[in-house]
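S.K.: Have a look at this one before I ask anything.
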């Protein structure tokens with residue numbers, strides 16, 4: 001059974017979300033000691049975290065960084081803040097999705113289910129893909145070039161896997177948003193750009209420039 005950790009200081013929202021997830025047969029951890037979020041994460045070992053931005057003591061961005069320092073577990077931000085900068089900051093901190101309050105519980109459950117399915121299904125694959133001497137290890141979500149290795153986030157993993165399964169073909173932004181988030185209407189277009197640029201920087205740091213090429217108005221291609 002998948003375990004979901006909810007870090008939300010609005011008790012009413014936390015209880016509603018927790019009860020809904022339990023109805024879908026998820027195990028739920030409700031965090032109320034907001035000064036010990038990382039400790040509860042390490043102890044509870046959740047498969048996914050729902051994380052509010054505005055929290056007592058430290059905000060969600062801080063706790064996202066702390067969790068990312070020890071784990072690549074999927075993280076979804078829940079927030080009443082909807083500025084593009086908040087979404088970009090969340091993604092840059094390592095979050096996988098950003099859901100604005102008030103939200104539809106059905107949409108939230110669908111996002112949770114999709115993230116769990118993709119994240120843990122992909123991790124089970126024991127394969128590698130090689131192109132231009134870049135080795136993409138699907139088994140541990142990393143890329144290798146020469147003797148250098150770089151770990152990928154879940155979103156970077158999915159983008160690169162989709163691109164490398166379509167070498168020589170243009171992959172549209174809409175297609176990438178669909179495979180990442182199921183329904184692109186809930187995600188700002190800038191979020192994809194942030195993820196692609198982060199992936200490009202990691203590949204460039206290994207020594208490969210222009211590995212993913214932008215085709216203006218069409219999408220991206222690995223040639």
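S.K.: Of the residues that make up segment 122-129, is at least one touching a residue at least 24 places away in the same chain (Cβ under 8 Å), part of a helix (DSSP H, G or I), under 14 Å from the mean Cα position of the chain (by Cα) and surrounded by fewer than 18 Cβ atoms within 10 Å (Cβ to Cβ)?
M.R.: Yes, segment 122-129 contains at least one residue that is touching a residue at least 24 places away in the same chain (Cβ under 8 Å), part of a helix (DSSP H, G or I), under 14 Å from the mean Cα position of the chain (by Cα) and surrounded by fewer than 18 Cβ atoms within 10 Å (Cβ to Cβ).
S.K.: Something else: Please find, among 149, 191, the residue that is touching a residue at least 60 places away in the same chain (Cβ under 8 Å) and within 24 Å of residue 69 (Cβ to Cβ).
M.R.: Checking each option against the conditions leaves just 191.
S.K.: Considering each of 80, 69 in turn, give the residue that is more than 30 Å from residue 206 (Cβ to Cβ) and out of contact with any strand residue (DSSP E or B) (no Cβ under 6 Å at 6 or more places or on another chain).
M.R.: After ruling out the rest, the residue left standing is 80.
S.K.: Within the set of pairs 6+ apart or on separate chains, which have a first residue in segment 163-188 that is assigned by TED's automatic domain parsing to the domain that holds residue 107 and crowded, with 17+ Cβ neighbours inside 10 Å, a second that is at pLDDT 65 or above and part of a loop (DSSP other than H, G, I, E, B), and C-beta atoms under 8 Å apart?
M.R.: none
S.K.: In segment 13-67, which residues are free of Cβ contacts under 8 Å to residues at least 24 places away in the same chain and within 23 Å of residue 107 (Cα to Cα)?
M.R.: 14, 15, 18, 19, 22, 23
S.K.: Another one. Suppose the filter is more than 14 Å from residue 195 (Cα to Cα), modelled with pLDDT of 85 or more and assigned to a strand (DSSP E or B); does residue 103 pass it?
M.R.: Considered against the rule, which asks whether it is more than 14 Å from residue 195 (Cα to Cα), modelled with pLDDT of 85 or more and assigned to a strand (DSSP E or B), residue 103 comes out as no.
S.K.: What single numbered condition from (1) at pLDDT below 85; (2) out of contact with any strand residue (DSSP E or B) (no Cβ under 8 Å at 6 or more places or on another chain) fails to hold for residue 128?
M.R.: (2)
The values are calculated or read from the model by the stated rules, or taken from the named source; none is laboratory data. Note that the structure is a prediction, hence the values are computed from the model and not measured. Counting neighbours? That spans all protein chains shown, and the Cβs are built from the backbone with ideal geometry, glycine included.
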